[in-house]
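Computed from the coordinates by the stated procedures, all read-outs in this text should not be read as laboratory data. This structure is a prediction, so every number in the text was calculated from the model and none was measured. So basically every Cβ, Gly included, is an ideal-geometry build from the backbone, and we count neighbours across all protein chains shown.
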């Protein structure tokens, strides 16, 4: 067994890996970006290495992370999920450096990273795939021909994509040109490849995935399935195991196909075979060559520690159990608690958590890196915690989850807790009828019930949201630039940070925070939210940012005439893109930002004149 490993990640998954490693008696080395100095995974680790560079880039800096592992004497690196977890080059570089990569083989990661190659391999292994192309497409006419062949709607997908990035749904031939260009652009920007493919778009499917795990001795087993259909913008919100309303016939075929797929790949470590279930049929979607965010619900129903098995397998040990030993008991539900406002199109809500208290209730597990005073940074995804609840049956699991949600306290930022409470109360969810399109189709119903939802959580109607800083003229208390004093001994860092608080009047003449450039964040955690309307001071033409974020793209030019609803800019915050739309007609008088700049909330982006 390893004596020391490095965790190449942050947040709740880094804490989760730390727990598994410590249970195995392994020392843990943490790496962190500069803003993550006070993160929980840093506080828990035996050693800490602060990575140099921009916050959005350092967890992607393979060479620097490998060098930190070598200096620390770590024998292995666990990548968690996101960032470098599915980077075949990083896995190879670890091996070349004499460090074990805790995950699948690099060639398997590379093959499954290409959706086109994955479809080829799965078809060869006898796993059903959605009707579509095996080879990439590049021409509008070719896509239109496929639309006629398969019947609209069709989906254009980035071959190296995931998490909804590089995906366009096309419902008619005249939409193809714009959709193809958009999918190619996103694929190039986020994955370095503009290769796309086309497949039939299945209306209202259920997203069902199978947890598989294999070792170096050729053993491959499944740990049953999870339903992840409750999504918005292709990002999962609520998951459960087992999948409701899945017939025993389909379940047996699905589990068998997943094991066939893993065996064909000679898969090693933990992974997930994702599928779309459509009636009594199912189709391969993709393979996630890593531990999944939602792995705890599988652990709850099977009693198997997936992360510990990953570490054991990487150390050369066989699986600690056989397929016959795997028994699913009861039902587990996971709610992803994100720093987002569900009543405002799930808008990201970076900020400070003033109070964090988890429910001390049997059958409840909370995976989180949060604590009182924790700063939710705008550079990373919005996940705060995962609330995982077990019940003897589905009705009990739902009731227990709702009770746990109402006893989970997260103050200081808006969260998705109200959404989960609302979802659990819907008849469609109780009946197992929520498909991948259901949440977005019924989001307006949730907004209409805002006061009632918050009342059930004990929140008064006039306290359901923080004042909209972009619209308010009231003084805002702002934290000025922090001055840090630190002592570093053999990469062990002790830091004291001092910053001054001031109101808006005090800081009017203060120079704005220096803007920094950034590169796109890893694809799998990205989402494509609904358009977020900009603040315009009563349509005066001043278009301001509603949040701290990164200007990804500017879609207009000075002097250009624009119409109401026209896309002006794309702003990214916490790995989520928002389209800033014009709320009045006019001419672009000035553009006050550049692509790649980081802007604060209330920052003036551009001005539309008469």
Item to complete: Quote the FRET efficiency, to the nearest 0.05, computed for residue 600 versus residue 54 with a Förster distance R0 of 22 Å and r equal to the Cβ-Cβ distance.
Response: 0.85
Item to complete: Taking only the C-alpha atoms, wrap a convex hull around region 59-143 and report its volume per residue in Å³ as a whole number.
Response: 125 Å³
Fill in: Mean Cβ count within 10 Å, highest first, over the residues of peptides 10-19, 315-324, 410-419
10-19, 410-419, 315-324
Discussion item. Against the empirical 2.2 N^0.38 Å scaling, what ratio does the C-alpha Rg of region 131-200 come to?
Written reply: 0.96
Response to the item:
So for region 549-610, using the alpha carbon gyration tensor with a ≥ b ≥ c as root eigenvalues (a/c under 1.5 gives rounded; past that, a/b versus b/c decides prolate or oblate), I'd call it prolate
Practice prompt. Find the Rg to Rh ratio for region 4-102, where Rh is the Kirkwood radius over alpha-carbon pairs and Rg uses the same atoms.
Written response: 0.92
Item to complete: Only helical DSSP H runs with n ≥ 4 go in: add -39500 (n - 2.57) per run for the chain, normalise by residue count and round the 222 nm mean residue ellipticity to 500 deg cm²/dmol.
Response: -8000 deg cm²/dmol
Response to the item:
Heads up, region 223-274 by the C-alpha gyration tensor (a ≥ b ≥ c square roots of eigenvalues; a/c under 1.5 rounded, else a/b over b/c prolate, else oblate) looks oblate
Item to complete: Working from the alpha-carbon coordinates of region 284-375, get Rg over Rh, Rh being the Kirkwood radius.
Response: 1.04
Worksheet item: Taking 0.36 nm per intervening residue step and subtracting the Cα-Cα distance, what contour gain separates residue 399 from residue 322 on full extension?
Response: 24.4 nm
Worksheet entry | Distant alpha-carbon pairs in the chain (separation over 30 angstrom), percent | 54 percent
Worksheet item: So how far apart, in nm, are the two label points at residue 24 and residue 181 if each is 7 Å from Cα heading toward Cβ?
Response: 5.0 nm
Worksheet item: Put a dot 7 Å past each Cα toward the Cβ at residue 441 and residue 263; how far apart are the dots in nm?
Response: 3.8 nm
Worksheet item: Give me the Kirkwood hydrodynamic radius of region 330-459 in Å, from all C-alpha pairs, to one decimal place?
Response: 15.1 Å
Practice prompt. Between residue 354 and residue 409, with labels modelled 7 Å along Cα→Cβ, what's the label distance in nm to one decimal, could you check?
Written response: 1.2 nm
Worksheet item: Quick one: 389, 130, 169, fewest Cβ neighbours within 10 Å first, how do they rank?
Response: 169, 130, 389
